[in-house]
Amino acid sequence: MSKRKVKDSHLPVGECITQLQTILRERLCHQQLPTQLEGVEAQHKHLLELLKRTAVQGESNSVLIVGPRGSGKTMLLKCVLRDLLEEQEAQKNVLQVHLNGLLQTDDRIALKEITRQLHLENVVGDKVFGSFAENLAFLLEALKKGDRSNSRPVLFVLDEFDLFAHHKNQTLLYNLFDVSQSAQAPIAVVGLSCRLDVLELLEKRVKSRFSHRQIHLLSNLSFTQYLERIRTQLSLPDDFPDARFAQEWNNSVESLCEDKLVEEVLQRHFNSSKDFRSMHRLLMLCLSHVSVVNPAIKPADLVEASRMCLSDAKANTLHGLSILELCLIIAMKHLNDVYEGEPFNLQMVHNEFKKFLQRKSNSMYNFDRPVIMKAFEHLQQLELIRAVDGSAAKTQREYQLMRLMLDHSQIVEALQKYPQCPTDVKQWAMSAFG
Amino acid sequence: MASLLQHPGYEKERLQRVAEQLPCREVQAGMLLSLMGQPHQYSYPSIFVYGHRASGKSHVINVLLKELQLPHATVSCVECVSVASLFERVLLSFFGCDAAALLPRSPSLSDFVRVYRQQRSQSSAKETRYVILEKAELLRDADANLLPALLRLQELVEDNVTVLLLSEIAWDTFRPNTGCFEPLLLHFPDYSKGELQQILALDRHPSYSAEFYSSYINILLGVFYSVCRDLRELRHLAALNFSKFCEPLAEGKVKESDTHKLWRNIEPHLKKAMQTVYLREVSSLQWEKMQQAETEAGALRGLSAHTHVELPYYSKFLLIAAYLASYNPARTDKRFFLKHHGKIRKANFLKKNEKTSNHLLGPKPFPLDRLLAIFYSVVDSRVAPSASIFSQISSLVTLQLLTQVSHDDQLDAPKYKCAVSMDFICAISRTVNFDIVKYLYDFL
């Protein structure tokens, strides 16, 4: 028996890497549900009990799950639903309706979606209803089973709850909460929102029907917990086919997390955001380097991934500008310094540039006006400069007022990295300030 | 070269072909390939690719997806006037025309997701599907829910699909107010001078040697590199001017290795190209014709030359008067246009600094009466105020040499602005022997 086990558990390296990638990608990209959620046990218990009461005992409830983006609201809900449906009675009875504020932008569309998800299109047929409330009542009535006097419990999940609050009269929300307060049918309304002030968005009559039950997912992770979480995200589960490979991989992940350089990099990421998503983005970039040639994540990979995540997009854009365009940007910077950020137009910029050319007395950059205009328009298309609102369309193009969308430090940094920047241009940029 | 593009999930020959088609972009292609992973694995739901135009973003992605035969839908957001065309395109590419026909008349995002889900349950993805959106900056102006929904498409339709957004502009301006699912950001750096040379040299004409063409590209870059780094523009310019470069060689005057003579021949030509073809003042057809017609240096009229129309005598003076009215402050009229203007206090008069120079700020509006007053003092003969004068003002507005600033309803006191440049007005005043610089406040 044991001999057979040893023989089966050894796969070629390529196969192992493929399996590894598949598993980790499911975890990082596809938000696969973990078996155990860490750090949110209390919230998990609270929500599970609430939904159990609806599913099994027929009690109506409403709750809001609130937390910033990427803090794990959907993951929590999905875990709870998975645990709920493990119970026989709940699985038999409960119906689920999932609505999303991004998709169902209108109450009418939302109602159609509810009808569809409850599989009641045939029942509704071509009926015309007077109001939203009538329609909803009809749907819930239709769910009554043969001999039972109560209808089946329905679980309404509203993703992007704050977008539903922008609908006209908040009809859907009013009716759902109304049904949850009155004894019509057992429903549970679970809203997920990223806005902490979502209750302020509700009208008074809607708010009064809501149970004011909120579950907050505000993470208070410490840095060691963050490191631990990264380690668990990267580790392979025990049921990996090649046990030896899994062990080696997990050891390499452990040593990675203990490396000094890696800790510094992760500290920087931790200081800017602690949520799951930015962690997954960073880990995904590291994972993409893992291959047969490179079967473990090295500290250098993590440093490179961090650099990619934190690079400044505007500085990258500045790197690719032509010299003429760069000179125009420097001229705009000087104008901003002298006139303290007041908007400028092409005439002023050209004037400033001409002053530079007179000082240098070399004709290398002596371009015609239309060529400079084309360079200026290119900068406008890249959105490095933007027209000031209120500039009427009647002003000529060279007199239209613009603002520079770059910071002093971004320009200085870009100049350092600019390939083969002529020295006189650099000197011009560094003069007159700092 | 090919060693950067190695991946277990794809065949070696195909990757080799991909590497041949993507010079100087192996690193980025390798990065994309490693993010994509093997076809059956999941990839990150949305990736934002940004970089300058003509830096190879669409090219790399299209070559990769076509050669590796992965299911993809390419949509350019410029072509999608309404979201319906976007949805139809995606459903058509993934599921065929029957699926696209299932969409209702003016589909909402909800309809699209519903139809996609239906189709997915019938034919689920064995390989990752890719949706490529070019010119993604236009998505910001579409409905507010479209961009966040596309970023999360994998989650909404529960399928193995990845959305690639290609744009010139940085991600910071795309973010909606309440946040969204942040994509992975991938930067395509611009080509360096050496890389540009390498890529442009690939276009070489078969009947000339590679070194000859490289020297031509060198000269071209020497003239244009400080102004423009766009690969497409440079290729266009290289193709247009090569025949002129080869001219002395064809005539037998110089040998291939006489770079100095060749440079002397082509350089003024390239400078001329910068003023005309580069600015699209002349079309490439006109440019080529001009080259064949040999030495007609002055005959090339660009588009802006057509604005130098021949105006009648009084119109010219009206235009000059309008220019003076726009660029001189009203309080200085007395000094310039009255015969006996008396003493003007200098201190008050000469208070101007460079910033408020009217030539930097732009023309100011003026009422009709002021224009006529200046006109009568500027024109040298006696003119009666007849309808013909007023109609000439209207025709100047139609020619867009003057702009009407006041509302169309105001008939009794219309206001105008002068919309011509300094060079134009100097040329006009020269034709009527009028020294305009003497009358301009900024040049006192």
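Figures for the structure shown
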| item | result |
| --- | --- |
| Residue check, A:Ile230 surrounded by 14 or more Cβ atoms within 10 Å (Cβ to Cβ), away from every other protein chain (no Cβ under 12 Å) and more than 24 Å from A:Arg69 (Cβ to Cβ) | no |
| Lone qualifier among B:Ser85, B:Ser93 - being in a helix (DSSP H, G or I) and either closer than 17 Å to B:Pro39 by Cβ or among the β-branched types (Val, Ile, Thr) (or both) | B:Ser93 |
| Of all residues making up the range A:350-386, the number that are in contact with a strand residue (DSSP E or B) (Cβ under 9 Å, 6 or more places away or on another chain), under 30 Å from B:Ser167 (Cβ atoms) and assigned to a helix (DSSP H, G or I) | 3 |
| Filtered residues of the range B:3-56 (kept if free of Cβ contacts under 8 Å to residues at least 24 places away in the same chain and farther than 28 Å from B:Gln154 by Cα) | B:Ser3, B:Lys12, B:Glu13, B:Gln16, B:Ala19, B:Glu20 |
| Residue count for the range B:107-159, restricted to those that are more than 10 Å from every other protein chain (Cβ to nearest Cβ) and free of Cβ contacts under 8 Å to residues at least 24 places away in the same chain | 4 |
| Odd one out for B:Leu185 among (1) closer than 27 Å to A:Leu192 by Cβ; (2) modelled with pLDDT of 90 or more; (3) not in a strand (DSSP E or B) | (3) |
| Scope the range A:40-51; condition surrounded by 15 or more Cβ atoms within 10 Å (Cβ to Cβ) and modelled with pLDDT under 90; matching residues | A:Val40 |
| From B:Ser243, B:Ser226, B:Ser215, residue being assigned to a helix (DSSP H, G or I), hydroxyl-bearing (Ser, Thr, Tyr) and buried (at least 16 other Cβ atoms within 10 Å of the Cβ) | B:Ser215 |
| Any chance A:Glu340 is of a type outside the set (Val, Ile, Thr), surrounded by 13 or more Cβ atoms within 10 Å (Cβ to Cβ) and either closer than 19 Å to A:Leu406 by Cβ or within 12 Å of chain B (Cβ to nearest Cβ) (or both) | no |
| The range B:151-182: number of residues that are under 29 Å from the mean Cα position of the chain (by Cα), part of a helix (DSSP H, G or I) and of a type in the set (A, V, I, L, M) | 1 |
| Residue among B:Leu139, B:Leu133 that is modelled with pLDDT under 95 and either assigned to a strand (DSSP E or B) or aliphatic (A, V, I, L, M) (or both) | B:Leu139 |
| Positions within the range B:160-180 being touching a strand residue (DSSP E or B) at 6+ places or on another chain (Cβ under 6 Å) and facing chain A (nearest Cβ under 9 Å), in sequence order | B:Thr162, B:Trp171 |
| Residues that are in contact with a Pro (Cβ under 9 Å, 6 or more places away or on another chain) and at the interface with another protein chain (Cβ under 8 Å from one of its Cβ atoms), drawn from the range A:268-323 | A:Arg281, A:Ser291, A:Val292, A:Asn316, A:His319, A:Gly320, A:Ile323 |
| Scope the range A:208-227; condition among the hydrophobic types (A, V, I, L, M, F, W, C) and farther than 20 Å from A:Glu38 by Cα; matching residues | A:Phe210 |
| Any hit, the range A:1-16, residues being within 14 Å of chain B (Cβ to nearest Cβ), surrounded by 20 or more Cβ atoms within 10 Å (Cβ to Cβ) and charged (D, E, K, R) | no |
| Residue that is buried (at least 17 other Cβ atoms within 10 Å of the Cβ) and more than 23 Å from B:Gln275 (Cα to Cα), where the choices are B:Arg175, B:Arg204 | B:Arg204 |
| Tally of residues being free of Cβ contacts under 8 Å to residues at least 12 places away in the same chain and under 11 Å from A:Leu84 (Cβ atoms) across the range A:31-52 | 1 |
| Within the range A:81-116, tally of residues that are within 14 Å of chain B (Cβ to nearest Cβ), part of a helix (DSSP H, G or I) and under 21 Å from A:Leu33 (Cβ atoms) | 0 |
| Qualifying residue in the range A:400-418 (condition: within 26 Å of B:Phe424 (Cβ to Cβ), free of Cβ contacts under 8 Å to residues at least 60 places away in the same chain and not aliphatic (A, V, I, L, M)) | yes |
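The values are calculated or read from the model by the stated rules, or taken from the named source; none is laboratory data. Every value quoted in this text rests on a predicted model; they were computed, and no experiment measured them. Glycine also receives a Cβ, built like all others from the backbone with ideal geometry; neighbour counts cover every protein chain displayed.
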